[in-house]
Structures are given as structure tokens and as C-alpha cells.
1. Run the simple label-point estimate for SER418 and ILE803 please: 7 Å along Cα→C-beta, distance reported in nm.
2. Run through the range 676-736 and list the trypsin sites (Lys or Arg not before Pro) located in a DSSP loop whose Cβ has at most 16 other Cβ atoms within 10 Å.
3. Of the GluC sites (Glu not before Pro) in the range 715-822, which ones lie in a loop per DSSP and count no more than 16 other C-beta atoms within 10 Å?
4. Can you compute 3J(HN,Hα) from phi for each residue in the range 233-242, using the Karplus curve 6.51 cos²θ - 1.76 cosθ + 1.60 with θ = phi - 60°, rounded to whole Hz and x for Gly and Pro?
5. Beyond a 19 Å Cα-Cα separation, which of these cross-linked pairs lie in this structure: LYS49/LYS203; LYS116/LYS207; LYS700/LYS816; LYS120/LYS207?
6. Sort largest first and round to whole Å: the equivalent ellipsoid semi-axes of the range 74-206, each the square root of five times a Cα gyration tensor eigenvalue.
7. Against the globular-protein guess of 2.2 N^0.38 Å, express the Cα radius of gyration of the range 687-822 as a ratio, rounded to two decimals.
8. Can you give me the pair-distance distribution of the chain, C-alpha pairs, 20 Å bins, whole percents?
Amino acid sequence: MSYPISTITTLIGAHRFGSAECRIDWLLTDSRSLVFPEESLFFAIRTQKNDGHRYIPELYRRGVRNFVVSQVPDHPESDANYLKVTSPLKAMQRLAERHREEFSCPVIGITGSNGKTIVKEWLYQLLAPDFAITRSPRSWNSQIGVPLSVWRLSEQTQLGIFEAGISEPGEMEALRDIIQPTIGIITHLGSAHDENFGSREEKCREKLRLFHDARVLIYNKDDEMIDTCVRQSNFPGQIIAWSRNDANLAPFIEALTSDGRVGTVLVEDAIHCICVCRHFGLADDVILQRLLHLEPVAMRLEVKEGRNNCTLITDTCNSDLGSLEIALDFMRRRTLNDQQAATPTPSTLILSDIKQTGLTLTELYQQVAILVQQYGVDQFIGIGPEVSAGMANVGRIREEGAAMNDMTFPTVDAFLASPTFRALADRVILIKGARQARFDRIADALVQKVHETILEVNLAAVVDNLNFYRSFMRPETKMICMIKASAYGAGAVEVAKTLQDHRVDYLAVAVADEGVELRRAGITANIMVMNPEMSSFHTLFEYHLEPEVYSFRLLDALIQAAEREGITNFPIHIKLDTGMHRLGFDACATGALKDVDALIARLRAQQALIPRSVFSHFVGSDSENFDQFSQLQWQRFLRAADQLQAAFPHPILRHICNSAAIQHFPERHCDMVRLGLGLYGIQPLEIKDNSNLTPISTLKTTILQIHDVPATDTVGYSRRGHLTRDSRIAALPIGYADGLNRHLGCGAGYCLVNGQRAPYVGNICMDVCMIDVTDIPCQEGDTAVIFGPELSPSVLADIIGTIPYEILTSVSPRVKRVYYLD
């Protein structure tokens with residue numbers, strides 16, 4: 001559901017600067033989440049740590065033309081709209097409120113300290129067969145997240161489910177006006193943010209304000225404080241107050257807790273869902289059947305393989321007792337499931353200081369100690385001054401033998417330097433710490449890599465090559481730069497930073513881990529993942545990485561994973577097979593495009609994913625010999641892309657041109673092009689005119705030692721290095737483990753020493769190779785160039801019968817990258 005910018009101006013009471021007409025589909029507060037710039041409205045929100053106005057120039061360069069601001073830029077762009085308000089945050093909330101008023105469907109509002117997201121996601125799974133549901137993505141329950149969530153209500157919505165979270169008095173009123181719930185649920189009330197309220201009762205009453213105008217309220221009356229607050233509120237609607245002792249809930253509780261299917265701490269969340277299902281008229285047997293097929297809710301828990309046969313569970317949830325219990329319950333079930341033997345895997349809890357509880361240190365850590373004992377933790381490790389002081393008495397609560405394994409440390413550095421850290425092996429480890437505790441360092445082992453062989457990367461050449469290809473493009477055509485395989489061996493982070501500075505529209509990587517590396521390095525540009533793995537879906541969602549989708553198996557799995565995590569409108573890129581026959585939905589049929597028909601049907605039947613682009617790949621754009629087949633591919637692509645676009649109201653970007661096609665087929669650039677090999681200075685066309693391109697990478701090393709070897713001797717393994725004269729043989733600290741191809745040995749290839757060719761002698765070894773420098777004035781310590789602008793990777797590729805891609809991407813990670821601007 002979109003709104004004209006003029007309507008939005010009226011709804012939020014803004015003073016408009018600019019006259020460009022457009023319709024708005026998307027609200028944006030984070031530049032990293034930009035997907036549809038032309039239809040996005042950016043709210044420049046000021047916080048204590050940041051100011052959204054700083055990102056307006058960058059977003060304008062990326063195509064955004066509509067901004068809600070509290071201060072108009074000194075030099076506003078003539079084709080942009082600036083809607084000036086006192087507070088962009090309140091303006092966004094007001095807009096979401098007006099949008100909510102357009103819908104009369106039932107809306108469930110959920111608040112509490114713990115369990116909000118679990119209840120929301122389980123309700124989605126239980127009710128999705130009966131309703132078209134719009135729900136909060138993941139844990140979007142804040143003053144910013146709630147309006148962004150409610151904005152997703154559309155004409156197809158039959159039921160809304162939204163979370164509301166607060167941390168201070170007075171915050172709930174705004175969220176109530178935005179969500180306007182007809183059905184309310186208050187989950188478990190824990191200690192989070194207690195310090196910001198006069199009492200926990202005050203916090204409870206603040207949360208209950210969400211349901212001021214609701215018709216139904218559901219809560220656990222076994223919680224005396226919640227029960228008392230609800231009764232004192234004189235709630236006028238229907239109250240569904242349940243108890244674990246209710247006889248009609250006993251069959252559900254028994255089914256849920258048998259065989260450890262659901263941990264004790266999650267039963268309360270499940271009962272809330274049962275009450276909602278009953279309210280909507282579902283029969284108990286139907287509810288029970290659906291309950292038994294609930295899938296786990298992906299929270300902030302991550303499970304990774306660790307060193308020394310350890311399994312790591314990292315948890316960045318709210319640092320309070322409630323989230324700790326959920327994480328411990330998860331770990332306990334993990335230790336039981338990791339082995340089929342009767343003895344469970346040993347477990348270790350590594351815990352940081354717990355803040356914002358309102359409890360004294362003694363009270364807090366006595367409860368922590370009880371949880372540690374209750375969930376059978378074999379080893380407790382506390383890190384931080386407060387947990388160290390508070391857990392001093394843990395031995396009085398835990399069994400004496402268990403307490404002997406417990407340790408505390410003042411800092412992360414002290415722990416990492418300790419024998420306790422080095423001894424961790426053969427166990428499940430829960431790492432539970434707030435972000436500011438820097439517990440990520442515990443999971444990351446950083447090793448300084450030193451090598452005399454280096455890969456120099458000329459970032460100025462990257463820019464020159466980029467601009468060369470831009471010279472073939474229309475100004476409005478978007479650019480995707482391929483930086484997979486660590487930017488073709490050059491090092492993805494620095495290359496990505498350079499490309500981002502020069503306003504490329506998309507970066508493309510092969511797998512999700514490559515995208516994560518970029519995000520952690522501060523890259524905010526859109527990132528496309530060309531080969532998403534089934535195991536990487538959570539990572540894609542967490543780091544805003546947009547996957548290529550090429551098959552129905554991948555599509556269905558991605559939809560299921562996105563729905564399980566509460567994701568909606570996550571951008572994907574549709575791959576069509578127009579003749580490569582590698583990956584993609586079939587677009588080669590001469591009759592009806594059955595794959596495309598089925599693809600459209602599946603995409604329209606869900607809300608989790610949204611097609612951002614559709615693309616294909618020329619088979620032979622680098623050669624005129626394949627021009628006739630390229631024309632056939634082009635026609636197939638246009639036919640399938642037109643069919644896909646006709647099924648959706650939003651624009652779907654098209655792209656088919658790679659580096660060679662950017663030059664060879666300028667009339668086929670469509671909305672975007674993909675620049676790969678050419679970006680790195682290698683001419684992809686058969687007519688290899690390299691005069692306009694500069695190879696960006698130079699692989700070089702140093703001469704370690706020089707020997708005078710008589711003609712009667714041989715050099716290297718298996719005596720393969722035969723000499724025809726007395727020779728000077730230099731040893732270089734580079735071998736096939738560094739990426740130097742063995743087929744270049746025994747005189748097949750050469751490097752450059754002081755600008756002259758020095759052929760490889762004998763077999764290339766793992767870490768060393770030998771070269772003939774008999775006719776070259778040189779000495780130990782001089783530089784040898786393996787490839788670079790003077791010795792193109794294409795030359796080496798031709799020698800050994802491969803392609804330059806292989807030469808570039810084979811450079812080992814142990815080779816140090818050095819970046820410079822020439």
C-alpha cells in the first residue's frame with residue numbers, strides 16, 4: 001500500500017521543500033537497509049550516538065529522493081523532497097498510526113520482558129493456515145521498530161501480530177497509538193530495565209497501557225503481580241486469565257514437556273498461544289496437532305563449531321535472568337542431543353556482568369548460581385568485576401565438586417591469557433555477554449600472519465578501471481561489482497571500501513561469510529550473495545545480505561526460514577537460465593515458461609521475500625563468434641523478465657551484462673550491469689586491448705638466497721631442474737601453498753627480476769621455488785614480480801592453459817595484502 005508524497009506531507013504535518021512527485025512504499029531509518037531507493041522515505045532520526053542527517057548525501061547518491069528532516073540541508077538537491085518536521089521519529093510514528101487506522105482486521109499486541117518474539121512467531125505458525133498475517137520482523141518492538149512493523153500492513157492482511165518493548169516510563173503510549181491492538185498478551189515480566197522504574201509494579205502498569213482500548217487481554221494469573229495490576233486497571237474488555245493448574249490445559253502441558261520437547265521456561269509462552277487459538281475458535285485437537293509441529297524460534301542464539309571439539313553457543317539477548325534461563329535451557333537440550341550416549345556432553349557457561357536488574361549483587365548472583373545448578377552446568381566462568389564479586393559464594397549453592405571447576409576473571413584479556421581458556425575442549429560452551437563486554441573476542445582467535453611474499457593492490461587502479469566501464473553506461477544504469485573470492489584474491493574489505501566510496505550500487509559475493517566480513521568491516525552498501533548455502537539463511541537475514549535464488553528447492557527453504565524468523569519483504573535476486581545451463585529457473589522453453597509461472601505463484605503466495613532483481617548470464621559475450629547465441633539469450637531473458645515484472649507492482653531491476661558485455665553489448669545494459677574481471681584490470685574480450693585497463697594486483701616476493709650451480713647438477717625435487725650451463729639459481733619464498741601454480745615450473749613459466757625474465761627451474765615446492773638469474777644483475781633481497789602490470793596474469797594463464805580468474809584467486813590468504821593509492 002503506497003502513498004503519494006503529498007499525502008504523507010499532510011499526514012505528518014510537514015513543511016515540504018521540493019516538488020518532485022512520487023509514491024512511497026518503504027520507510028527507511030537505516031541506510032544499510034536500503035533496497036528500493038526510488039520508493040523509499042528516509043527519516044533522519046537523531047539519537048544520543050548518531051544523527052540520520054549525516055547519511056542524506058550518501059542516500060541521495062544511492063537514489064533516495066525523499067527525506068523527513070528536522071533541518072533542511074544547506075544545499076538541497078533540486079530533484080529531492082525534504083519534509084521538515086520538529087521530530088522525524090514522532091513524524092514516522094504518526095504516519096504509522098494513520099496507516100494503522102486504514103485497517104479493521106484483528107491485531108494482537110504483545111508486551112512483557114521475555115518471550116514476546118517467541119509468542120509472536122509461534123502464533124504465526126499456529127494461525128498461518130487460517131489467516132494472512134502481517135507481523136513484526138524479528139524483534140522490532142522499539143519506538144523505531146514498531147512503526148516500521150505496522151507500516152507493513154497491506155490490503156491482504158487478515159491478522160496483525162506486533163511486539164511492543166519499553167525501557168522507560170511514558171514510552172508505551174506512543175506504541176499503543178501505533179499498534180492499536182484488539183487482543184493483548186502480556187508475557188513473563190522479568191528484571192530488564194527495573195532500574196528505570198520506581199518499582200516492578202510501575203513497570204507492569206506501564207506495559208499494560210498498551211491494552212487500554214483492547215477488547216481481549218490474555219495473561220498468566222499465577223503471576224500475582226501481573227494479576228493484581230490487571231485487576232487494578234479495571235480493564236473493560238474480556239479477560240482470559242489462565243493458570244498452569246487449569247485442568248483444560250493439562251493435556252497441552254503434558255504433550256509439550258514430554259521428551260523435553262519444550263523447556264519449562266517456554267511452556268508459559270505456549271499457553272499464551274493456546275489461549276489465542278481458542279479465542280479464534282480453533283478446536284483443541286487442531287491446536288495440539290499444530291503445537292507438536294512448532295519449529296524452534298531463531299532468537300539471538302548462534303551455534304558454531306569451535307576448536308578442540310567444542311560447540312559454541314553465543315547469545316546476545318538482553319542481559320537479564322530471564323534471557324539467561326532461556327539460553328541455559330537451550331544449552332541443556334543441546335548437550336543432551338549432541339550425544340546418543342547416556343552421558344551428556346560437558347557444558348561451560350561464560351557469563352559477563354549482568355546490568356540493569358534492580359537487584360543487589362548478592363541477590364542477583366545467588367539467583368544466577370541457582371540457575372547454574374538447576375540446568376546442570378559443569379563449569380561456570382564469570383568475567384567482570386561484578387560477576388566476580390557476586391559469584392564469590394557460588395560454592396555454597398553448587399555441589400562441592402562442581403564448584404571446584406568454577407572460575408572468575410576481571411577482564412576478557414585476563415581470561416584469554418589464562419590456562420582455563422587454553423584448556424577448554426570437548427564440551428558445549430555458552431558465551432553469554434552483553435555487546436559492550438566484547439565477548440566476541442573469546443570466540444575469535446586472531447593470529448598475526450607474517451610472510452615475505454606480498455600482494456600489492458593499487459586502489460587507484462580499481463577506480464580507474466571502474467570509471468573506464470562507466471564510460472560505456474548511461475548515468476541512470478546501476479553498477480554491481482563482483483568482489484567474490486576475496487575480490488578475486490585482492491582482499492574484499494579494502495576493495496569494497498573503495499567501491500563504496502565511489503558509489504557503486506551493489507557489491508556481489510559468492511557466499512554469506514564473505515558478506516559478513518564486509519559488514520563487520522563497516523560496509524553499508526547493498527550486498528548480493530550469488531551462491532547462498534542452506535545453512536546460511538540466518539546469517540543472510542542478520543547482516544542484510546541479499547541472496548540469489550535459482551531453484552524452487554532454495555526458494556522454498558528460504559521462504560520457510562524467513563517466515564520462521566519473522567522476516568517480511570526480504571529482497572532476493574532471481575536467476576534465469578537462458579542457455580548457460582548452470583543455475584537458474586528455466587527460461588529456454590519455446591512454449592509456456594512453466595518455471596516462471598510456478599515461480600510467480602510461489603512468490604505471490606507469501607510475504608517473506610520480494611524479488612528485487614531478475615538476471616541471467618551471457619555464455620559468450622567475450623567473443624563475436626557467439627553473438628547469434630547471445631541474441632537468443634537476450635530474447636529469452638526479456639520474455640521471462642517481462643512476465644515476472646507483470647506479476648508485481650514494484651519495479652524489478654534487470655541485468656544480464658558482465659564485464660565483456662558492458663563493452664560488447666551497450667544496448668543491453670538494462671537497469672544494472674555486473675562488473676567482474678574487468679574491474680581488476682584484465683580485459684575479458686577476445687580482442688585483448690589492455691591499454692585502457694590497469695591490473696590492480698602485483699604479486700611479489702624477495703630473493704632469499706643465490707647459489708652458483710654447475711651445469712652437471714640438478715635443481716629441486718626429483719632432479720627435475722636440468723641445467724645447460726653453469727648457472728646462478730635464486731630461491732624465492734613462494735610456492736604452490738601461496739598460489740604459485742606448479743605447472744609454471746621446469747621452465748614453463750617465468751617471473752620478473754629487475755624487469756627481466758627469470759624462468760622457474762625445477763619443480764615448484766610448497767613454500768619455495770627456484771629461478772634462473774644467470775643473466776640478470778641481482779642480489780639477495782631483490783624483488784621478484786610473479787605477476788602484475790608488467791607481467792599480466794593473462795600471460796601466466798595462457799602458459800598453463802587456464803584463465804586469469806584462476807591465477808588471481810589462487811593467491812593464498814597467508815600472503816599479506818598491502819594496499820596503496822598510486
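1. A separation of 5.3 nm, rounded to one decimal place.
2. Working: sites: LYS688, LYS700, ARG719, ARG720, ARG725, ARG728; in loops: LYS688, ARG720, ARG725.
Qualifying residues, ordered by number: LYS688, ARG720, ARG725.
3. GLU780, GLU790
4. Couplings: 6, 6, 4, x, x, 7, 10, 10, 9, 10 Hz.
5. On the way: LYS49/LYS203 26 Å; LYS116/LYS207 12 Å; LYS700/LYS816 10 Å; LYS120/LYS207 17 Å.
Where the Cα-Cα span goes over 19 Å, the pairs concerned are LYS49/LYS203.
6. On the way: eigenvalues 144, 100, 27 Å².
Working from the Cα gyration tensor, I get semi-axes of 27, 22, 12 Å.
7. Values: Rg = 14.8 Å, N = 136, 2.2 N^0.38 = 14.2 Å.
That works out to 1.04 for the range 687-822.
8. The calculated distribution, bin by bin, is 13, 39, 34, 12, 2, 0.
The values are calculated or read from the model by the stated rules, or taken from the named source; none is laboratory data. In this text the structure is predicted, and so the values were computed from the model without any measurement. Note: ideal-geometry Cβ built from the backbone for every residue, glycine included; neighbour counts use all protein chains shown. Heavy atoms of the whole protein, side chains included, go into the accessibility calculation; ligands, DNA and RNA do not. Shrake-Rupley method; radii C 1.70, N 1.55, O 1.52, S 1.80 Å.
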